[in-house]
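Visitor: Before I ask anything, let me first share the structure, which is written out below as structure tokens.
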């Protein structure tokens with residue numbers, strides 16, 4: 001029986017769009033994907049039922065494609081290489097959108113695109129509706145617990161990264177002995193962790209959060225095996241993340257490596273005090 005509804009999938013890089021496509025198909029959706037040259041995996045061609053390949057900035061074509069496919073809902077999944085995002089060739093619709101923005105950081109830009117789709121009756125929903133198994137869990141999920149020093153670093157750093165996140169700068173900081181040694185900007189979490197190790201040596205603590213005011217439909221924090229590998233390379237030994245509002249890819253492999261390298265990994269419930277969870 002042919003699917004009666006179609007999911008529009010705006011597909012960035014990595015495995016996330018492929019997982020969303022798989023989850024949507026299990027829920028009875030056909031998948032119409034918008035892919036981007038130099039960003040989206042070629043595997044999207046087999047993961048989706050229909051695919052159009054665009055250049056970054058072709059907002060008008062993106063909207064027309066989703067409308068032509070009679071999409072029931074639209075999902076954003078997967079990152080766009082941030083340095084590459086400077087190499088866009090915006091069409092007229094994208095130019096008008098960019099001129100309205102005071103900031104072109106992640107949340108501002110993606111929220112504006114989502115609002116543009118909503119205005120065209122293209123309903124944007126969270127990708128977590130299709131991959132609920134990727135939601136990051138609360139509590140201590142590694143064998144090793146944070147040390148007393150690392151607990152103090154988490155309590156020290158948590159309100160700071162929330163303030164930084166509220167400015168739409170980044171989602172991650174690296175702390176050592178209550179000193180912030182690295183702040184995420186355009187380079188991404190893994191590079192921030194590596195830089196923190198280069199600056200402060202071993203035994204740093206990485207903290208990753210959901211930015212206040214962030215649009216949960218389109219821009220979810222993500223962790224995974226690559227995050228733990230970056231921690232191993234940098235000598236970082238503790239990871240604290242905001243549970244329930246971030247993605248955790250390859251969690252079994254990531255925790256196996258964390259336990260092997262004696263890295264503490266803890267999910268912080270945002271609805272409870274940080275101190276009570278450590």
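Visitor: Kindly indicate which of 201, 170 is closer than 22 Å to residue 243 by Cβ and assigned by TED's automatic domain parsing to the domain that holds residue 228.
Guide: Values: 201 fails: closer than 22 Å to residue 243 by Cβ.
Answer to the selection: 170.
Visitor: Looking at the range 258-273, which of its residues are surrounded by 18 or more Cβ atoms within 10 Å (Cβ to Cβ) and either over 22 Å from residue 211 (Cβ atoms) or at pLDDT below 95 (or both)? Spell out how you get there, then give the answer.
Guide: Applying the first criterion (surrounded by 18 or more Cβ atoms within 10 Å (Cβ to Cβ)) to the range 258-273 yields 258, 263-268.
Residues satisfying the conditions are 258, 263, 264.
Visitor: If you don't mind, another one. If you take the residues of the range 62-92 that are surrounded by fewer than 16 Cβ atoms within 10 Å (Cβ to Cβ) and more than 25 Å from residue 220 (Cβ to Cβ), which of them is modelled with the lowest pLDDT?
Guide: Across the range 62-92, the extreme among qualifying residues is 89.
Visitor: Another question, if that's okay. Restricting the search to the range 100-124, which residues are modelled with pLDDT of 85 or more and buried (at least 17 other Cβ atoms within 10 Å of the Cβ)?
Guide: Quick first cut of the range 100-124, residues modelled with pLDDT of 85 or more only: 117-124.
Result: 117, 122, 124.
Visitor: Ok, one more. Quick check on my filter: what residues within the range 189-216 are surrounded by 21 or more Cβ atoms within 10 Å (Cβ to Cβ), part of a loop (DSSP other than H, G, I, E, B) and under 13 Å from the mean Cα position of the chain (by Cα)?
Guide: 209, 210, 211, 214
Visitor: Right, another one. Filter the range 179-188 down to residues that are free of Cβ contacts under 8 Å to residues at least 40 places away in the same chain and farther than 19 Å from residue 242 by Cα and give me whichever is surrounded by the fewest Cβ atoms within 10 Å (Cβ to Cβ). Working first, answer last.
Guide: Filtering the range 179-188 down to residues free of Cβ contacts under 8 Å to residues at least 40 places away in the same chain leaves 179-185.
Narrowing further to those that are farther than 19 Å from residue 242 by Cα: 179, 181.
Values: 179: 13, 181: 19.
Ranking the candidates gives 179 first.
The values are calculated or read from the model by the stated rules, or taken from the named source; none is laboratory data. Being a predicted model, the structure only gives us computed values, none of them experimental. For neighbour counting, all protein chains shown are included, and Cβ atoms are generated from backbone atoms with ideal geometry for every residue, glycine included.
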